[in-house]
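Visitor: Mind looking over this structure? Questions follow.
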Amino acid sequence: MAALRRKFGEDYQVVNTNRAATFSAPVKKKRQRFVDKNGRCNVQHGNLGGETSRYFSDLFTTLVDLKWRWNMLIFILTYTIAWLVMASMWWIIAYIRGDLNHGHDASYTPCVANVYNFPSAFLFFIETEATIGYGYRYITEKCPEGIILFLFQSLMGSIVDAFLIGCMFIKMSQPKKRAETLMFSQDAVISQRDGKLCLMFRVGNLRNSHMVSAQIRCKLIKSRQTPEGEFLPLDQCELDVGFGTGADQLFLVSPLTICHEINPKSPFFDLSQRSLMNEEFEIVVILEGIVETTGMTCQARTSYTEDEVLWGHRFLPVMSLEEGFFRVDYSQFHSTFEVPTPPYSVKEHEEKNSLPSPLSTPTPTLTESYGARRDRVFSVDCINISEERRGGTGGRLPSKLQRMSSSGKEDLQRKVLLLSSQHSEKACSTGDLPLKLQRLNSSPGPERENRLQLKSLKVGFDPMTQSTGDLYQHSPMPKLSPSPVPMHSPLLSTRGRPEDNLPAKLRKMNADR
């Protein structure tokens with residue numbers, strides 16, 4: 001076992017070498033198989049009645065389908081009877097013409113020379129039919145009936161030769177014997193592959209000649225009853241062995257393991273290790289391909305009953321790398337070893353995974369909390385409209401904005417301009433600024449000038465607005481303090497009214513108002 005682990009890794013660690021499973025199956029009586037291990041179908045047709053005549057309408061196929069002993073008997077009897085019948089006809093012609101009484105008379109011209117009894121007539125027919133032609137017995141020109149019989153003999157001989165020899169040739173060239181060199185594993189196994197429970201068996205080709213366009217199919221033979229109460233004996237169900245992915249097309253130059261994935265579409269979806277002991281089914285495997293040497297289609301068959309399906313086993317590897325080639329060890333072709341495999345079915349496994357955990361409680365996700373926080377941000381326009389309707393800033397404003405409003409209305413508007421963003425990221429643009437400036441401009445006294453200076457400084461900032469994402473990046477919000485006015489600010493350097501420092505568009509809008 002240590003050598004096996006070193007050669008194939010931990011995945012091929014043998015857990016148990018015997019074939020005993022976790023659940024010991026009760027001893028079953030050997031039941032009748034639908035298809036034998038050698039591929040022979042155990043089906044006999046009886047009570048055909050008047051349908052027997054259909055076999056004679058296709059006599060050539062009937063002869064080819066017969067067993068070899070019956071073919072040999074028909075072959076020998078056909079030639080023996082034909083020879084005896086034709087020899088008798090030549091003897092009758094000689095007897096009617098009276099050639100038998102003048103067999104040794106040199107002055108008499110018979111129909112067939114040197115034919116004076118039945119053995120001599122039989123030898124003449126064999127020499128003629130086999131084209132031996134010893135030259136001692138021959139037809140003379142004074143026997144027209146002999147010439148006609150000779151032509152009939154030649155035609156009938158050709159027909160019989162073509163029929164019987166062709167039948168023997170077709171039977172000998174049948175690729176049934178080619179199937180003897182196609183191997184199937186004695187048992188099928190069920191184990192996990194790539195995290196999925198699979199039914200697997202192995203196929204191999206003993207000859208160096210390839211099977212062209214080799215394709216494999218599987219049928220599940222199992223009796224069942226429909227919901228309507230109809231009983232279907234030996235119902236056939238297709239097993240998917242890679243039809244959709246092309247895995248059923250085989251390149252059979254070395255032994256291959258055929259895999260059927262057990263999923264919700266598989267008839268083994270609810271099959272477990274314990275239920276396998278009580279099941280009765282048969283898996284028929286059909287391997288088809290074209291013989292490379294003869295170009296004829298070959299088909300090999302075998303079957304696996306429920307007793308020949310091993311749960312929790314895997315096939316031993318048979319391929320090894322030698323110096324310059326790959327070697328196949330067919331002594332381990334049928335060997336399996338036990339591997340850890342869940343004893344429950346795929347259906348039970350999926351139902352177990354679908355049950356919710358009692359410890360799991362719904363918690364708000366980061367996206368939900370993020371969106372909730374974003375929904376609490378209002379634009380300057382929304383705040384102003386709310387103020388006009390309620391006459392104040394209390395009530396519905398978020399707590400953060402309420403705390404900010406305590407430091408003054410001027411700081412509140414500056415902060416909201418920095419935090420203004422909604423879920424659709426609609427922020428207050430510079431187009432809203434003139435209305436705010438107009439409101440501030442309309443307020444009398446020094447309060448208007450202070451607010452105007454703050455707005456002018458805000459307009460000079462490069463990023464006019466901040467998105468909600470920037471709000472979270474900069475949170476918590478640092479405490480804002482009045483920024484010192486630069487010495488080169490136009491508000492300080494320019495004398496006169498503050499309206500003169502506004503752009504021409506703003507001055508025109510103020511004048512119109």
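Visitor: Restricted to segment 43-71, and to residues that are outside any helix (DSSP H, G or I), at pLDDT 85 or above and aliphatic (A, V, I, L, M), which residue is surrounded by the fewest Cβ atoms within 10 Å (Cβ to Cβ)?
Guide: My answer is Val43.
Visitor: Okay, moving on. Just to be sure before I move on: is Val346 at pLDDT 90 or above and under 26 Å from the mean Cα position of the chain (by Cα) in the structure I sent? Even if it seems obvious, please write down each step before you answer.
Guide: Details: at pLDDT 90 or above: yes; under 26 Å from the mean Cα position of the chain (by Cα): yes.
It is true that Val346 is at pLDDT 90 or above and under 26 Å from the mean Cα position of the chain (by Cα).
Visitor: Can you pull out the residues in segment 286-313 that are aliphatic (A, V, I, L, M) and farther than 19 Å from Leu197 by Cβ?
Guide: The answer is Ile286, Leu287, Ile290, Val291, Met296, Ala300.
Visitor: On to the next question. Across segment 70-113, what is the total count of residues that are in contact (Cβ under 8 Å) with a residue 60 or more places away in the chain and touching a strand residue (DSSP E or B) at 6+ places or on another chain (Cβ under 9 Å)?
Guide: The number of residues fulfilling the criteria is 0.
Quick grid of which residues meet (1) within 29 Å of Glu308 (Cα to Cα); (2) touching a residue at least 60 places away in the same chain (Cβ under 8 Å); (3) touching a helix residue (DSSP H, G or I) at 6+ places or on another chain (Cβ under 9 Å); (4) not acidic (Asp, Glu):
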| position | (1), (2), (3), (4) |
| --- | --- |
| Ile170 | no, yes, yes, yes |
| Asp187 | yes, yes, yes, no |
| Cys218 | yes, yes, no, yes |
| Cys237 | yes, no, no, yes |
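Visitor: While we're here: Inspect segment 218-236 for any residue being within 17 Å of the chain's Cα centre (by Cα), at negative phi and surrounded by 20 or more Cβ atoms within 10 Å (Cβ to Cβ) and give the result as yes or no.
Guide: yes
The values are calculated or read from the model by the stated rules, or taken from the named source; none is laboratory data. Quick caveat: nothing in here was measured; it's all calculated off a predicted structure. Backbone-built Cβ (ideal geometry, glycine too); neighbour counts: all protein chains shown.
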